[in-house]
1. Just checking, which of Ile362, Ile380 is among the β-branched types (Val, Ile, Thr), more than 30 Å from Pro31 (Cα to Cα) and open to solvent by less than 70 Å² (accessible area, probe 1.4 Å)?
2. Filter the range 146-179 down to residues that are among the polar types (S, T, N, Q) and in a helix (DSSP H, G or I) and give me whichever is most open to solvent (accessible area, probe 1.4 Å).
3. Looking for something at pLDDT 95 or above, open to solvent by 10 Å² or more (accessible area, probe 1.4 Å) and either touching a Leu at 6+ places or on another chain (Cβ under 7 Å) or over 23 Å from Asn285 (Cβ atoms) (or both) - is there at least one such residue anywhere in the range 231-244?
4. Just one of (1) assigned to a loop (DSSP other than H, G, I, E, B); (2) of a type outside the set (Gly, Ala, Ser); (3) open to solvent by less than 30 Å² (accessible area, probe 1.4 Å) trips up Tyr223, so point out which.
5. If you go through the range 401-427, how many residues are surrounded by 15 or more Cβ atoms within 10 Å (Cβ to Cβ) and either in a loop (DSSP other than H, G, I, E, B) or of a type in the set (A, V, I, L, M) (or both)?
6. If you take the residues in the range 294-323 that are in a helix (DSSP H, G or I), among the hydrophobic types (A, V, I, L, M, F, W, C) and open to solvent by less than 30 Å² (accessible area, probe 1.4 Å), which one is nearest to Cys46 (Cα to Cα)?
7. Could you look through the range 246-280, keep only residues that are among the aliphatic types (A, V, I, L, M) and touching a strand residue (DSSP E or B) at 6+ places or on another chain (Cβ under 6 Å), and pick out the one that is nearest to Lys322 (Cα to Cα)?
Amino acid sequence: MRKFEIKDNFYLDGEPFQVISGSIHYFRVVPEYWRDRLEKLKAMGCNTVETYIAWNMHEPKKGQFCFEGGLDLVKFVRIAEGLGLYVILRPSPYICAEWEFGGLPAWLLQEDNMRLRACYEPFLKHIREYYDVLFPLITPLQITQGGPVIMMQVENEYGYYGDDTRYMETMRDIMLERGVEVPLITSDGPFEESLSCGCLEGAHPTGNFGSRTKERFQVLSSYTKGGPLMCAEFWVGWFDHWGNGGHMKGNPDSPQDLDDMLDMGHVNIYMFEGGTNFGFMNGSNYYDELTPDVTSYDYDALLTEAGDFTQKYRDFQAVISKYREIPEVEFTTKITKKAYGEVTAIDKVGLLEVLEDISSPIVDTFPICMEKCGQNYGYILYHSPLQREKNIERIRLWGANDRANIFVDKKPLVTLYDRELTGEYNVRTKSVKKAEDVNGNQTSSEPLAEPVTFPVGAPLD
């Protein structure tokens, strides 16, 4: 039986083993290109691939599971194994990853008082039921059972979120009860406050950062108890959000940081290839303001979103060559690029004109949140006739989030975003080009002269 161990170093079958890994999220790359991306990972000199597992993709509706096609995780791991790569799996319920709801399924919010990432039994019950389906698929992939998986992650950057040690211990035990035999890890920011809250007995701590390797490893070393130092997410780029002014770039000194990591320990490069946020799966961040991510998750990674080589790839390959021999790899996937030209809309129709054709109403005295209506993404339309109300001068939304378009008499009044949703707005429907708040300040509304239109056949959500 093969074995991977964590002692003063990583050991594979009793011999020291340096983990040189790169992140590829199978759910962000079409399966036709999985082999190509993994071949290019190996050709750069990596011996391991790492991936999150996105719960909301595998269980989009409660009790309905999908592990086929682009979600065939087992196939992805087996392709890596066939290329001689080892695998790190991160099956934690929450993944962050700039992914919709951090990978948590939206249907969790159908339950009143739901508490996430805590020792709250209704939440843990859903995790157990999900893991009862997931782990029979991935435990046979462990190196102890002849597969390529050498480590699994318990939770993701929990030290940034909370300090519920009992929850972390419960998550560890849930995994062990379902047959996990390979070493467990945690990954947190390289700071005392995050490592101290995210660490867990029985799981090896790792750090996530993109620069200042020696300084970060120095902090991490006080938590590894003499064990190996590993950057579980070496951020070589960054993600783009709407309105950030152009494509984000990574640390120009990242090759030197990679050299420092390999000199001192181990690395997982985040991202080797970023891929694509398909559908409504782009996530969002909130620091000073709401910043939704774009569809592309290119991440300024070593391969572009389309899988092309970059100068950064060649620079990293040169660094890795100092620590291990770069293998010769034949690229077996034929990739043809095409220019599809322009797509022209030949007709349009107003949303409010076709409501009865494309949707079914839900009638209630009070607004119901989208998730309880079974709609997890996009917009939902709330409307109410005001028959006896008189002299309505102002309108304000309570409990609305992210973005709202307000219509009065089927004409757009105002478009609100983020903190604009907390304001109160004058209701005017005649000869007004911009809606105003109660202080007379104009908002970023569309003109009222034209109805809001959507392409024919567009989904309501």
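1. Matching residue, one of Ile362, Ile380: Ile380.
2. Thr165
3. No, every residue in the range 231-244 fails to be at pLDDT 95 or above, open to solvent by 10 Å² or more (accessible area, probe 1.4 Å) and either touching a Leu at 6+ places or on another chain (Cβ under 7 Å) or over 23 Å from Asn285 (Cβ atoms) (or both).
4. Every condition holds for Tyr223 apart from (3).
5. Residues meeting the conditions: 9.
6. So in the range 294-323, the residues in a helix (DSSP H, G or I) come out as 311-320.
When the remaining residues are screened for being among the hydrophobic types (A, V, I, L, M, F, W, C), the result is 316, 318-320.
With open to solvent by less than 30 Å² (accessible area, probe 1.4 Å) added as a condition, the list becomes 316, 319-320.
Working: Phe316: 10, Val319: 11, Ile320: 8 Å.
Among residues in the range 294-323 that are in a helix (DSSP H, G or I), among the hydrophobic types (A, V, I, L, M, F, W, C) and open to solvent by less than 30 Å² (accessible area, probe 1.4 Å), the one nearest to Cys46 (Cα to Cα) is Ile320.
7. Taking the candidates together, the pick is Met261.
Table: residues versus (1) touching a residue at least 40 places away in the same chain (Cβ under 8 Å); (2) in a helix (DSSP H, G or I); (3) out of contact with any strand residue (DSSP E or B) (no Cβ under 6 Å at 6 or more places or on another chain); (4) buried (at least 20 other Cβ atoms within 10 Å of the Cβ).
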position	(1), (2), (3), (4)
Asp8	yes, no, yes, no
Tyr11	no, no, no, no
Arg35	yes, yes, yes, no
Cys46	yes, no, no, yes
Glu50	yes, no, no, yes
Met57	yes, yes, yes, yes
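The values are calculated or read from the model by the stated rules, or taken from the named source; none is laboratory data. It should be emphasised that the depicted structure is a prediction, and the values quoted were computed from it without experimental measurement. Counting neighbours? That spans all protein chains shown, and the Cβs are built from the backbone with ideal geometry, glycine included. Accessible surface areas use protein heavy atoms only, side chains included; no ligands, DNA or RNA. Shrake-Rupley method; radii C 1.70, N 1.55, O 1.52, S 1.80 Å.
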